[in-house]
1. Determine which single condition residue 33 fails, assuming it passes every other condition in (1) more than 18 Å from the chain's Cα centre (by Cα); (2) assigned to a loop (DSSP other than H, G, I, E, B).
2. So, residue 125, is that one part of a loop (DSSP other than H, G, I, E, B) and among the polar types (S, T, N, Q) or not?
3. Sort out which residues of region 241-268 are within 17 Å of residue 161 (Cα to Cα), modelled with pLDDT of 90 or more and out of contact with any Leu (no Cβ under 6 Å at 6 or more places or on another chain), and write them in order of number.
4. Which of the residues belonging to region 112-163 are at pLDDT 85 or above, aliphatic (A, V, I, L, M) and under 14 Å from the mean Cα position of the chain (by Cα)?
5. Being closer than 30 Å to residue 140 by Cβ and without any contact (Cβ under 8 Å) to a residue 40 or more places away in the chain is the filter here, so list the residues in region 180-236 that pass it.
6. Answer yes if at least one residue in region 45-56 is part of a loop (DSSP other than H, G, I, E, B) and crowded, with 24+ Cβ neighbours inside 10 Å, and no otherwise.
7. Considering only region 164-268, give the helices (runs of 4 or more DSSP H) lying wholly within it that have at least 3 residues that are in contact with a His (Cβ under 9 Å, 6 or more places away or on another chain).
8. Search region 118-134 for residues that are within 18 Å of residue 250 (Cα to Cα) and pair each with any residue that is outside any helix (DSSP H, G or I) and of a type in the set (Phe, Trp, Tyr) when their beta-carbon atoms are under 7 Å apart and the residues are at least 6 apart or on different chains.
Amino acid sequence: MSLLEAIIVAIVEGLTEYLPVSSTAHMIFTSAWFGNQEDSFVKMFQVSIQFGAILSIVVLYWRKFFDFSNFNFYIKLAIAVLPALVLGYLFDDIIESVLEKPLPIAIVMVLGGVILLFIDKLFTTHNIEDEKAISVKSAVTIGFWQCLAMMPGVSRSAASIIGGMQQKLKRTTAAEFSFFLAVPTMLAVTVYSVFVKKWNYMGEEMKGIDMILFNKDNLTMFVVGNLVAFTVALIAVKSFVGFLNKHGFKPFGWYRIIVGLLLMVAFS
């Protein structure tokens, strides 16, 4: 992977991480187009640059994240993230094998798009407007909804937002809780991929950090990728909430269907 390709993938990540369109699917298709999706460093890079996108949420909502008087906020996030951590660890190998197969991911993109066309009519009761009104039970339920995104193409953002709406959260409240939930979830995934998991790279088993430090080019791509993902996500998140509140999920549903069909043709 070249530095230019890394920047393009990071831009894709920043634009799509918090939209209900599956950032993982977009990065996989982008890398597959470049012809390097099977490379272990590329797979690790796709996960690790989510750290940059995570930081954009912390910056935008810094008052919430550093309001230590609201301890219940941290408890809800900690409990909600547990299902993804446990199931993600158990099914890690299966998930990784899917990352090399663009066609089934494109099919999931289309199916998810069809669901988004009707989701606003499916959940019409929204009486929770404040994060403080979210119960621990609802937080856990949203956490399990998020687990649907372990299949690339589903979209972590879409799954957790729909889970929030199913728990009677307003669209914007569900979106913001989805953002908050992304921080511990993606941080845990990034730490695991960089410091714990072993990858087959250059004929040897290496941890992600060893691949990053393998040479100057890898380190540069890692640092630049995170910076680009952070900057682009910062812009995307600020625009998304207002757009979702005004237009709902239908535009994203049509986008997923159109892009998914095009990708099915391209990779079939």
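1. Failing condition for residue 33: (2).
2. yes
3. The answer is 251, 256.
4. 148, 154, 158, 159, 161
5. Result: 191, 195, 196.
6. yes
7. 171-191
8. Qualifying pairs under 7 Å: 119/249; 120/249.
The values are calculated or read from the model by the stated rules, or taken from the named source; none is laboratory data. Remember, it's a predicted structure, so these values are computed and weren't measured experimentally. Virtual Cβ from ideal backbone geometry, glycine too; neighbours counted across all protein chains shown.
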